[in-house]
Structure formats: structure tokens, C-alpha cells
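Notes for the one structure printed next.
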Amino acid sequence: MTNQAEAADLPGRPRAAVPGGPATERATCVLAPNPSVMTLDGTNTWLLSEPGSGLAVVVDPGPLDEGHLRAVVATAEAAGKRIALALLTHGHHDHSDGAARLSELTGAPVRAVDPALRAGGGEGLAAGDVITVGGLDLRVIPTPGHTADSVSFHLPADRAVLTGDTVLGRGTTVVAHPDGRLGDYLDSLRRLRTLAVEEDVRTILPAHGPVLDDARGALEYYLAHRAKRLAQVETAVEAGHRTPEQVVAHVYADVDRAVWPAAELSVRAQLDYLGEHGLI
């Protein structure tokens, strides 16, 4: 379970109602066929390559779906490129299950924070890492909170950042308690907002939903949304709603019940955060 698709109008104009195809000069989306209330239109598998290069990088191969993985390879080959590396933003199944098979198909190593998810001799990912493939530069930005192993990838040449599930193209994401922690997540959103301001990052390439053209606006919305939800949870507890289930029913009454199980994970993370800070 990965994403919590609450209704929300994010700042900026999405490129398209459904993702897929070229998004920036260096990034093309191959949409996985795994749509659901939790994955939105499906997982966005990103194919990145420097113009004129014969090498490509895949970010989030997606689920273990042979047709999808072969479509990713075919998209690269149609552009005259060979997949030389795969990267994972985090270990949830809809992002990582196809990674080992993609490595088998292409010979490309898989790099990830979690050693269990690496394949083909792939190394880890850490703050400050700069990944260069065929002239393409990516910078690793640790963004824990959705999960402990979440990272984003800054693509400076396109003024873009690939956010995995940390920021979605539509709605908001779950803080996947207990692995995900709200304090970490808020710090990650602030880190990305600082990146948007200081590095003039304008575009968010999310792992679910459409591309967003107002990175700073989307990040400020996410921070404001989290502050609002946190205040609502605190008020709910003060009103006598003590259990996570009771808080969800009160705070998320206007949200599709299909995402209440995911909302409960976020509520548990919020309750932990409030307790840690002596607010409840």
C-alpha cells in the first residue's frame, strides 16, 4: 500500500490528465498497467537520457509485469538507447518488484537505499551522490518520511526533480507508519522546497499522477496540507477521538473510504509525532 489519493488541486498545470510519453528534454514516462485507488493511473517508470547519448537510466521499473518491462526496454531501444542503470526511489512493490527482472533483461545494475533491493552489482544511494551516465547527471536527495528509504533525484539540466511517492502529481501521499515518520517527511518536504528555490527547480516528475510545472507551489501546498491535517488530528484527540480508527472517521470523513486504511497509517504517524512533541 503506497499512496493516499485525497482530492486536491495542486498548484501548477498538469501536463496531461494521464501521464505517459515525453515530459522534459531528458525524461520520458512509461506508464505501468497497475492503476488503482492507491497507485492512481499506475506507476510512472521514468526513462532518462542525455540528448545524443546512447545510454539511459530507468527510475522505478515498477511492478513485476513482463509486458511493462519489455515496453520500457522497447521505448529505450526505439530512441537508440541502451538501459545502463536502474534506480529505485524506495522499496514499495509497485516501484521495485520489476527491478531484478529489468536487470536480467538489460544487464543494468539496480541501485537502491535498501541492500535487499539492489541487483546486478548495483550500489547504494546516499546524500551527496552524483550519478553520471552518458553525460546525464542526477543528484541523490534523501527524502525519508513516506518510507525510511525514500530518495528523490534532482535532474539539474531539466530543472526537475523525480520525487517518487514523496510528492504525487495528484492528491497527497501516505506517511507509511511505522516505517514512515511524519517528522522526517516534513523535513523532506522542506528540503525539496529549498532545492526548488535555490536550484530553480520548476518541474516535479512524480511516481504517480501527472507532471507538475510549479514545483515550489506544490511543495508549499503539501506543507500547508500536512499542517492542516495535523491540527485536525490534534483537535480530534482533544474532542475525545482516541484511537486511530476514530480519528480517521472524524478527520477523513470527506475522503473516499477506500483510502481510509492508508489514512490510518498517516494518522498513526501524526499521533506519534504529536506525542513526541508533547502536544497530546
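The values are calculated or read from the model by the stated rules, or taken from the named source; none is laboratory data. Treat the numbers as computed from the prediction; the structure is a model and nothing was measured. Methodologically, a virtual Cβ is constructed for each residue, glycine included, from the backbone with ideal geometry; neighbour enumeration extends over all protein chains shown.
A few notes on this one:
- Exactly one residue out of ASP179, ASP149, ASP158 is charged (D, E, K, R) and touching a helix residue (DSSP H, G or I) at 6+ places or on another chain (Cβ under 9 Å): that is ASP149.
- Within the set VAL267, VAL247, the sole residue that is hydrophobic (A, V, I, L, M, F, W, C), assigned to a helix (DSSP H, G or I) and under 16 Å from HIS225 (Cα atoms) turns out to be VAL267.
- Any hit, the stretch 134-154, residues being crowded, with 16+ Cβ neighbours inside 10 Å, more than 17 Å from the chain's Cα centre (by Cα) and closer than 26 Å to ARG82 by Cβ: yes
Residues are listed down the side, and each one gets a yes or a no for (1) farther than 24 Å from HIS95 by Cα; (2) buried (at least 19 other Cβ atoms within 10 Å of the Cβ); (3) not hydrophobic (A, V, I, L, M, F, W, C):
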{"position": "GLN232", "(1), (2), (3)": "yes, no, yes"}
{"position": "GLY240", "(1), (2), (3)": "yes, no, yes"}
{"position": "THR243", "(1), (2), (3)": "yes, no, yes"}
{"position": "VAL247", "(1), (2), (3)": "yes, yes, no"}
{"position": "VAL255", "(1), (2), (3)": "yes, no, no"}
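- Residues in the stretch 54-78 that are surrounded by 19 or more Cβ atoms within 10 Å (Cβ to Cβ), touching a residue at least 40 places away in the same chain (Cβ under 8 Å) and not in a strand (DSSP E or B): ASP60, PRO61, VAL72, THR75.
- Residue check for THR147: farther than 27 Å from GLU50 by Cβ and modelled with pLDDT under 95: no
- Candidates GLY124, GLY135, GLY128, filtered to the one that is of a type in the set (Gly, Ala, Ser) and under 16 Å from LEU162 (Cα atoms): GLY128
- Cβ pairs under 7 Å, 6+ apart, first in the stretch 189-202 and on the phi > 0 side of the Ramachandran plot, second modelled with pLDDT of 95 or more and of a type in the set (Lys, Arg): ASP200/ARG159
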